[in-house]
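The structure appears below as structure tokens.
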Amino acid sequence: MTALTLSTSGAASLRADAIVVGIAKGAKGPVVAPGAEAVDKAFDGKLGSVLETLGASGAEGEVTKVPSPAGLKAPVVLAVGLGPVPGKDDSYGTEPLRRAAGSAARALSGRKKAAFALPAESAEAVEAVAEGALLGAYAFLAYQGGENNGGGRNGGNGKAENGPKLPLGEVLLVGTKSRDKAVKAAADRAIALTEEVNRARDLVNTPPNDLTPEAFAAVATAAGKENGIKVQVLDEKALAKGGYGGILGVGQGSANPPRLVRLSYTHPDAEKTLALVGKGITYDSGGISLKPAGHNETMKCDMSGAAAVFAAVVTAARLGLTVNVTGWLALAENMPSGSATRPGDVLRMYSGKTVEVLNTDAEGRLVLADALTRACEEKPDAIVDVATLTGAMVLALGNRTFGIMANDDAFRTTIHELAEEAGEASWPMPLPADLRKGMDSPTADIANMGERMGGGLVAGLFLKEFIAEGITWAHLDIAGPAFHEGAPYGYTPKGGTGSAIRTLVKLAESF
Ligand code: BES
Ligand code: MN
Ligand code: ZN
């Protein structure tokens, strides 16, 4: 992982491979943002016009590199666009800072050390810059660069052997009040959070032949030990004994058997318990209702919900939050085979309800249902499940926004607002009661599919059937933002993004 250091000294005297400054889009060309005064001075106050000559405008995500003049120790100044200049009494928002820091960190991959002189006065701004830089510096190299790479640094030329560039080695936040308690805490929070987001990204990006349910459970067990989290793993035998028909039904077609993992972080002074439930389909082929080519290449991402829950519990533990957080990872591989569940089969779920499986590709709701019923038994103060659940939610909200459904309007609003604070795009979605009857089954208590229209909401209504009376519950459908197929932007890399983790951590903190 990229290292982060706070420094009180100015940018000019620092030895680094580059100095990062911010520029905003003004009415008359780029405006050098606060934090870069010393750098601008080394340019005789002409940094803005030099950048304009080079075509810079200050637009969000724009990166312009300039050789340093005498007076700066670092050889290169990298100007990153922050978007529009904030209003008179406003400061730069946290998300523009996060994105700019991320774009700069990505542009500096292969370098050892960069000094960031972005407008980061407040603890909140320091945290945003730190988060953006550490998330933007992410790279998944474990499977590139020849057999000697092993994902590690070679420490030499800034490249993995024969492979792509290594991420930026060290981020130095300059001009920060590094002895200020709040600033220090903000940096520590950013380090813990981004390390766990990046670990979740690694899990999502790990190919499904390596990240089986068993392998995922082993990662969770090891991380639990390291962070004082209690971990329990139910294997296929324990699942059969316990009557987890949903998880077993989805996993029974695969040579890699399913798991249910319970992670429990507790604090002695905690007054409340938050339960998090994650969909952990390590690969979703669709099962007997096989997905066509073109729809299955990225389905290693179908465990992103479980990865998010795992990361959130570990982060809560690392931050020592005064709340109990229980994480449930519903892990299975959805494969077609002679032992697979058939369309038409009826499963007896952990709750005792029966489900007619009309489409084996609607598997996420089956594993989640069992985990939700189990989570409800412990009567937590609230449950949030996270899942790459439906293509319909991607059609509704696009690739960057997750949907929030809930059985409690206030709770849904709270999560929406916390997501906004965390810099994650989300939108509240309804659970219209009229869509329930589409899941009526002539054979079982409910079918795992209903009307095609509003498919994301239908899935939410299915889950709602497994929430015990009186328990506050929300469902996050992250099918759009969990996995990024386009070009990287801001702090978002290609592949696994770590969607919803920052929101879940905010929620745990708010308890
Ligand atoms: N894992 C998919 C949903 C998905 C789609 C995730 C695109 C990420 C990107 C899920 O298991 C699924 O296949 N859902 C079906 C449900 C349908 C059969 C009722 C869908 O959305 O098509
Ligand atoms: Mn599916
Ligand atoms: Zn799925």
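The values are calculated or read from the model by the stated rules, or taken from the named source; none is laboratory data. As the structure is a computational prediction, the values presented were derived from the model and not from experiment. So basically every Cβ, Gly included, is an ideal-geometry build from the backbone, and we count neighbours across all protein chains shown. Note: areas computed on protein heavy atoms with side chains; ligands, DNA, RNA excluded. Shrake-Rupley method; radii C 1.70, N 1.55, O 1.52, S 1.80 Å.
Taking segment 75-96 as the range and being in contact with an Asp or Glu (Cβ under 9 Å, 6 or more places away or on another chain) and in a loop (DSSP other than H, G, I, E, B) as the test, the residues that pass are Pro75, Ser91. The single condition from (1) within 15 Å of ligand 2 (Cβ to nearest atom); (2) open to solvent by 60 Å² or more (accessible area, probe 1.4 Å); (3) touching a residue at least 40 places away in the same chain (Cβ under 8 Å); (4) not basic (Lys, Arg) that Ala255 fails is (1). When Pro380 is tested against the conditions (1) open to solvent by less than 20 Å² (accessible area, probe 1.4 Å); (2) in a loop (DSSP other than H, G, I, E, B); (3) within 16 Å of ligand 1 (Cβ to nearest atom), the lone failure is (3).
Within segment 482-499, how many residues are within 16 Å of ligand 3 (Cβ to nearest atom) and either crowded, with 24+ Cβ neighbours inside 10 Å or not assigned by TED's automatic domain parsing to the domain that holds Thr322 (or both)? Working first, answer last.
Keep residues of segment 482-499 that are within 16 Å of ligand 3 (Cβ to nearest atom), which gives 482-483, 496, 499.
Within this subset, residues satisfying the condition of being either crowded, with 24+ Cβ neighbours inside 10 Å or not assigned by TED's automatic domain parsing to the domain that holds Thr322 (or both) are 482, 496, 499.
Total satisfying the criteria: 3.
Considering only segment 335-343, I want to know if a residue exists there that is in contact with a helix residue (DSSP H, G or I) (Cβ under 7 Å, 6 or more places away or on another chain) and away from ligand 3 (no atom under 12 Å from the Cβ). Taking every residue of segment 335-343 in turn, at least one turns out to be in contact with a helix residue (DSSP H, G or I) (Cβ under 7 Å, 6 or more places away or on another chain) and away from ligand 3 (no atom under 12 Å from the Cβ). Being in contact with an Asp or Glu (Cβ under 9 Å, 6 or more places away or on another chain), over 29 Å from Lys494 (Cβ atoms), open to solvent by less than 50 Å² (accessible area, probe 1.4 Å) and hydrophobic (A, V, I, L, M, F, W, C) is a condition met by at least one residue of segment 420-435. The listed residues are Met335, Met299, and the only one of them that is at pLDDT 95 or above, within 13 Å of ligand 2 (Cβ to nearest atom) and touching a strand residue (DSSP E or B) at 6+ places or on another chain (Cβ under 6 Å) turns out to be Met299. For segment 278-296, the candidate set comprises residues that are farther than 18 Å from Pro257 by Cα and among the polar types (S, T, N, Q); within that set, the residue that is modelled with the highest pLDDT is Ser289. Quick check on Ala312: is it at pLDDT 95 or above, out of contact with any Asp or Glu (no Cβ under 9 Å at 6 or more places or on another chain), in the same structural domain as Gln232 (by TED's automatic domain parsing) and under 20 Å from Ala192 (Cβ atoms)? Judged against the criteria, Ala312 is not a match.
Yes or no: Leu72 touching a helix residue (DSSP H, G or I) at 6+ places or on another chain (Cβ under 6 Å) and in a loop (DSSP other than H, G, I, E, B)? Considered against the rule, which asks whether it is touching a helix residue (DSSP H, G or I) at 6+ places or on another chain (Cβ under 6 Å) and in a loop (DSSP other than H, G, I, E, B), Leu72 comes out as yes.
So is Glu60 in a loop (DSSP other than H, G, I, E, B) and touching a strand residue (DSSP E or B) at 6+ places or on another chain (Cβ under 8 Å) or not?
yes
Inside segment 1-42, residues that are among the small types (Gly, Ala, Ser) and open to solvent by 10 Å² or more (accessible area, probe 1.4 Å) make up a count of 13. Counting the residues of segment 344-354 that are under 31 Å from the mean Cα position of the chain (by Cα) and under 17 Å from Asp440 (Cα atoms) gives 1. Report, by residue number, each residue of segment 277-295 that is under 17 Å from Ala392 (Cα atoms) and either hydrophobic (A, V, I, L, M, F, W, C) or under 23 Å from the mean Cα position of the chain (by Cα) (or both). Lys279, Asp284, His295 - these are the residues of segment 277-295 that are under 17 Å from Ala392 (Cα atoms) and either hydrophobic (A, V, I, L, M, F, W, C) or under 23 Å from the mean Cα position of the chain (by Cα) (or both).
Report whether or not Ala70 is at pLDDT 95 or above and among the small types (Gly, Ala, Ser).
In short, no.
If the condition is being over 24 Å from Asp302 (Cβ atoms) and either within 16 Å of ligand 3 (Cβ to nearest atom) or part of a helix (DSSP H, G or I) (or both), then segment 383-411 contributes Asp409, Ala410, Phe411. Residue count for segment 330-357 under the criterion of being in contact (Cβ under 8 Å) with a residue 40 or more places away in the chain and within 16 Å of ligand 1 (Cβ to nearest atom): the result is 16.
Of everything listed in (1) closer than 30 Å to Val126 by Cβ; (2) crowded, with 21+ Cβ neighbours inside 10 Å; (3) in contact with a His (Cβ under 9 Å, 6 or more places away or on another chain), the single unmet condition for Met405 is (1). Pull out all pairs, ordered by first then second residue, where Cβ-Cβ is under 8 Å, the residues are six or more apart or on different chains, the first lies in segment 271-285 and is in contact (Cβ under 8 Å) with a residue 60 or more places away in the chain and within 13 Å of ligand 1 (Cβ to nearest atom), and the second is of a type in the set (A, V, I, L, M) and part of a loop (DSSP other than H, G, I, E, B). Hits for this filter: Lys279/Leu389; Thr282/Leu211; Tyr283/Met335. Consider segment 362-377 and keep the residues that are in a helix (DSSP H, G or I) and charged (D, E, K, R). The one that is nearest to ligand 3 (Cβ to nearest atom) is Arg365. Taking every residue in segment 428-450 that is more than 16 Å from ligand 2 (Cβ to nearest atom) and assigned to a helix (DSSP H, G or I) and pairing it with any residue that is of a type in the set (Asp, Glu) and open to solvent by 50 Å² or more (accessible area, probe 1.4 Å), at least 6 positions away or on another chain, the pairs with Cβ-Cβ distances below 8 Å are Leu435/Glu451; Gly438/Glu451. Within segment 127-146, work out how many residues are more than 15 Å from the chain's Cα centre (by Cα), in a helix (DSSP H, G or I) and of a type outside the set (A, V, I, L, M). Residues flagged as more than 15 Å from the chain's Cα centre (by Cα), in a helix (DSSP H, G or I) and of a type outside the set (A, V, I, L, M) within segment 127-146 amount to 1. A residue that is assigned to a strand (DSSP E or B), open to solvent by less than 20 Å² (accessible area, probe 1.4 Å) and touching a residue at least 24 places away in the same chain (Cβ under 8 Å) occurs nowhere in segment 457-472. Only one of the numbered conditions (1) buried (at least 20 other Cβ atoms within 10 Å of the Cβ); (2) more than 16 Å from ligand 2 (Cβ to nearest atom); (3) farther than 17 Å from Val386 by Cα is violated by Leu476, and that is (3).
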